[in-house]
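The values are calculated or read from the model by the stated rules, or taken from the named source; none is laboratory data. Please read all numbers here as calculations on a predicted model, not as lab measurements. Cβ placement follows ideal geometry from the backbone for every residue including glycine, while neighbour counts extend to all protein chains displayed.
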Amino acid sequence: MSGLRLSREHEQLRRTVARFARTEVAPVIGGYYERQEFPRKLVADMGRMGLFGLPFGEEFGGMGGDFLTLCLAVEELAKVDSSVAATLSAAVTLGALPIHRFGTPEQKQRWLPPLCAGEALAGFGLTEPGGGTDAAAARTTARLDDGSWVIDGSKSFITNSGTEITSLVTVTAVTGPGSGHGPEISTVVVPAGTPGFSVAPAYSKVGWCASDTHDLSFTDCRVPADHLLGERGLGLAQFMSVLDESRIAISALATGLAQGCVDESLRWATDRTAFGHPIAHYQAIQFKLATMETRAHTARLAYHAAAEAMLRGDSFMKEAAMAKLVSAEAAMANARDATQIFGGYGVMNDTPVARFYRDAKILEIGEGTTEVQQMIIARHLGLS
């Protein structure tokens, strides 16, 4: 482990999650992955460990930790499997965090305790079929009618939105004409099971196959007016601020995947023999492993620096974007090299590196594409 000097509490948490990942997740996740099945038992175990409440206060059933504790947990899980890591990351940063950050005291008391306990999950309804990166081009609408928000529209690629324990989805919707800078966009909480709210069948995905992802649709879907989350008209700004923090967590996930590629490849290269020697004897493999370790180390430094800036209360948008950019590219490159080291076995779906290869690409797309991160960094350099 390298990067920030961890406190005793941080290191203890990291070791606990690492042990859980090795002993509980690693032996079974391959089966869940190939069946494209949500790992309900593992999620329940993580809930009992308190992982879903790591950065939240004890008054909501949380652990009272900081955001770095969550990132450390996500990284350790991702060294073994990205689906489980993504489930935790999205549940906390995209599901519970908006309610914790922008909810009223009553909303927090109503919705946060089961989310912190891992007894419920929440989705983050931002992306739309025709929008993608252009989040401001939302077509989903919400209008006030007789004390209710009436929602019509659809969302795409929403994580944790269709499990048997999904309790709600927060959605961005156009609530008025707005100003010359675009429509008024607000955020509304839609509980699972609300009439007019439907969840499409799960996607068939290249990667993250044990993670839950769905299209959502809303047709004359009515929720009480008090389900508005935060201030009317600030929905997009609220979600964008949440994404800045979420990018640090997803960078931790990418770092974990990159490190997992190193760990698996090192074990394989030590055991696998060719031409009378372990393949780790050959400089071509040694150089690959050296480069892979350097990528993972650099990615860890980047997300630690972003987390440190956030914890200090400093501006961290650029640091989060750099961490997302560096770690996603490290994950993709390490997955490619790990597959090369494993040779033919690297393209067999029952090997961890095959899962890593399938899981890596989404990290250059989700929660802001590589190009979006470059745009953010460029703007912070003063470039228009």
Checklist outcome for this item: With the first residue restricted to segment 103-131 and required to be surrounded by fewer than 17 Cβ atoms within 10 Å (Cβ to Cβ), and the second required to be of a type in the set (Ser, Thr, Tyr) and not in a helix (DSSP H, G or I), Cβ contacts under 7 Å at 6 or more apart or on different chains are PRO129/SER154; PRO129/SER156
Checklist entry - Taking strands (runs of 3 or more DSSP E) that do not extend beyond segment 157-219, which have at least 2 residues that are crowded, with 22+ Cβ neighbours inside 10 Å? => result 166-179, 182-191
Item to check | Evaluation of ARG101 against (1) under 30 Å from GLY50 (Cα atoms); (2) touching a strand residue (DSSP E or B) at 6+ places or on another chain (Cβ under 6 Å) (one fails), failing number | outcome: (2)
Checklist entry - What are the residue pairs meeting all of these: first residue in segment 235-249, first residue over 20 Å from ILE362 (Cα atoms), second residue assigned to a helix (DSSP H, G or I) and not aromatic (Phe, Trp, Tyr), Cβ atoms under 7 Å, and 6 or more apart or on different chains? => result LEU236/ALA135; LEU236/ALA136; GLN238/PRO98
Checklist entry - Just one of ALA360, ALA330, ALA338, ALA321 is in contact with a Phe, Trp or Tyr (Cβ under 8 Å, 6 or more places away or on another chain), modelled with pLDDT of 95 or more and buried (at least 24 other Cβ atoms within 10 Å of the Cβ); which is it? => result ALA338
Checklist entry - Does ALA73 satisfy the condition of being assigned to a helix (DSSP H, G or I), over 30 Å from GLY182 (Cβ atoms) and of a type outside the set (Asp, Glu)? => result yes
Checklist entry - Yes or no: GLU24 at pLDDT 95 or above, assigned by TED's automatic domain parsing to the domain that holds ALA117 and assigned to a loop (DSSP other than H, G, I, E, B)? => result no
Next on the checklist: Suppose we filter segment 347-378 for residues that are within 18 Å of the chain's Cα centre (by Cα) and not acidic (Asp, Glu); how many remain?
Outcome noted: 15
